[in-house]
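Trainee: Dropping the structure in here first, questions after.
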Amino acid sequence: MHRLCRDRRRDQEGRYGKKPDVAAAVAPVVVRLEGSRLPPAPSPQTSAPVTRASAPAMAASVGGSAGSTSIEERVPVAAPAEQVWSTLSDLQRVVPCVPGAEITSLDGEDLVGKVRVSLGPIKVAFNGQAKVGMDPAKREGWLTGRGRDAGQGSSAEGSARWTVIDDGASASVIAVVLSWKLSGPLAQFNRAGLVQDVVRRLAATFAENLEAAITGAAPPRRKALGGLGLIWSIIRARLFSGL
């Protein structure tokens, strides 16, 4: 019986070939892989850091912080530049020309004051501090400050820079750059387009008040910054601007 099985196995090997030895075939490959010097996988601690493109820097505002909005405005005044500068340098005279603004104390370059704002249903009174600087040689001035309204919870910080420019013998232009950042209920007015409309109308009122102060006319009556009349004039101008 054993002889018959051995003969049959020999007959199968002769007919189909000897059965391959898988282990023997794989062994040399394993040996070659184990003997090879493959480059080690990069370690997280030793791999070179990835260089990321930095985000573009936000445009700097004049004296403002990141996230503030800035606009520029030119205010024509019917008075010589020297007279305009002289009045602007006297804060006790010029601050009442700004609608809704008043000084409560002034000590050198340190100013404490209040600005009342009325925009539609929102009425706030900012109490704050500011620092003021002047350069008579260049007829330039600047102000930086911040304030808070305790009633509505709005806060504001910002700056202004202005330059008086000659515009003929009896006229001048005040070039102003304003930068601001609002939070609280007034944050919706951070949009430059809407605020620029407000600023243009306030600038016209300021110019009239400043001319009155220069000529010695009656001091302007203090009004809140804004008001329904101002809002309506802006809406009307936007509605009929295409006519």
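Trainee: Tell me, what is the FRET efficiency for D166 and Q92 to the nearest 0.05, using R0 = 25 angstrom and their Cβ-Cβ distance as r?
Mentor: Efficiency at R0 = 25 Å is approximately 0.50.
Trainee: Sticking with this structure for a sec: Which shape class applies to region 81-126: rounded if a/c is under 1.5, otherwise prolate when a/b exceeds b/c and oblate if not, where a ≥ b ≥ c are the square roots of the Cα gyration tensor eigenvalues?
Mentor: oblate
Trainee: Based on the mean of other Cβ atoms within 10 Å per residue, sort peptides 88-97, 154-163 so the most packed one is first.
Mentor: Per-residue mean Cβ counts within 10 Å order the peptides as 154-163, 88-97.
Trainee: Could you rank the peptides 178-184, 106-112 by their average count of other C-beta atoms within 10 Å per residue, with the highest value first?
Mentor: 178-184, 106-112
Trainee: If you don't mind, another one. Could you work out the local net charge near G133, counting Lys and Arg as +1, Asp and Glu as -1, over the other residues with Cβ closer than 10 Å to its Cβ?
Mentor: -1
Trainee: Once you place label points 7 Å from the Cα toward the Cβ at S105 and K131, how far apart are they in nm?
Mentor: With each label placed 7 Å out from Cα toward Cβ, I get 1.8 nm.
Trainee: Report the gain in length on full extension from Q188 to A217: 0.36 nm times residue separation, minus Cα-Cα distance, nm rounded to one decimal.
Mentor: 6.7 nm
Each value in this text was obtained by applying a stated rule to the coordinates, not by laboratory testing. All of these numbers come straight from a predicted model, not from anything done at the bench. Neighbour counts are summed over all protein chains in view; Cβ atoms, including those assigned to glycine, are modelled from backbone coordinates with ideal geometry.
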